[in-house]
Amino acid sequence: MDLGLGGKGAIVTGGAQGIGAAIARCLAAEGCNLAIVDRRSGDDTAAVVGDIQACGVKGMAVEADVSVYSDALAGFESVVEAFGSVEIMVCNAGITWDGVIWKMSEEQWDRVIGVNLKGYFNYNKVAALHFKEMKYGKIVNISSINGLRGKFAQANYTASKGGVVAMSKTLAKELGRYNVNVNVVAPGMVLTEMMEGLAPEFKASALAETVLGRFATPEDCAGLVAFLCSDQSKHITGEIIKVDGGQYI
Ligand code: NAD
């Protein structure tokens, strides 16, 4: 299937590693000029940018903390200037800082909501401003199955990921008239650095929840994101699609 993404401009937040890096590589392989936005820089992002450029497209990294709105605006504008246009926004940068509610500090709550929810607001807003004028655009927000079902010791994370789902439904309604699609991809457990600190028994119980008997790879998520960024899915908006091997049915 030709996704018809050649020459489109795309931004992926949290693209230095994990799911974001896989999405960046996949979109670049489909012909998108690709910018990753990450709080990391230099050697941490060079390999991904190198892989992007090896696809024969433009690649760049913007160092920014997604929770800062002014950086989102400046970063987005710098990518538009470099690529000529941006049609695709993938919000993916996220963190965890777990604890049961009675032990969760205000700082723990604020930081996770700041990155995972306000960070998505920031980049959805700057993309919306641009896409509305173009009367074209694709927004894909990475949530989590735990934002749909709740998860022990993750009040901050699940609130942020559930918030992303609700915000995305609202934006699909607000932006549909401007030919902008807004969708959500909700992975189950994917073995990335985010999951490295998890105790073996938690990983085993998550694996047991899947009906396919395996964890997702970052590439399993990336293929779906690329489809949602293409016009092959132009009549899909306001959707939440899980990539979880049946972990949460
Ligand atoms: P990861 O930790 O491997 O990578 C996250 C990336 O985001 C890193 O490059 C990091 O530097 C960047 N980042 C973090 N905070 C940032 C900030 N404030 N500003 C800019 N960049 C920032 O994580 P991952 O596993 O690839 O997860 C990617 C997304 O997928 C997250 O939103 C996560 O919640 C979601 N998700 C992951 C899983 C999983 O099992 N790994 C499951 C469901 C959902």
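The values are calculated or read from the model by the stated rules, or taken from the named source; none is laboratory data. What you see is a predicted model; the values in this text were computed from it and never measured. Quick reminder, even Gly has a Cβ in these numbers, built from the backbone with ideal geometry, and neighbours come from all protein chains shown. Remember, those area values only see protein heavy atoms, side chains included, never the ligands or the DNA or RNA. Shrake-Rupley method; radii C 1.70, N 1.55, O 1.52, S 1.80 Å.
Annotation note: Cβ proximity below 6 Å between a residue of segment 167-193 that is among the hydroxyl-bearing types (S, T, Y) and a residue that is loosely packed, with under 15 Cβ neighbours inside 10 Å and outside any helix (DSSP H, G or I) (sequence gap 6+ or interchain) occurs for Y178/K135. Against the list (1) touching a helix residue (DSSP H, G or I) at 6+ places or on another chain (Cβ under 9 Å); (2) in contact (Cβ under 8 Å) with a residue 12 or more places away in the chain; (3) of a type in the set (D, E), the condition D2 fails is (2). If you scan segment 18-42, which residues turn out to be open to solvent by 60 Å² or more (accessible area, probe 1.4 Å) and within 13 Å of the ligand (Cβ to nearest atom)? Matches in segment 18-42: R25, R39, R40.
Looking at G15, G6, G31, which is the one that is modelled with pLDDT of 95 or more, within 11 Å of the chain's Cα centre (by Cα) and not basic (K, R)? Steps first, please.
Numbers: G6 fails: within 11 Å of the chain's Cα centre (by Cα); G31 fails: within 11 Å of the chain's Cα centre (by Cα).
One residue alone meets the criteria, G15.
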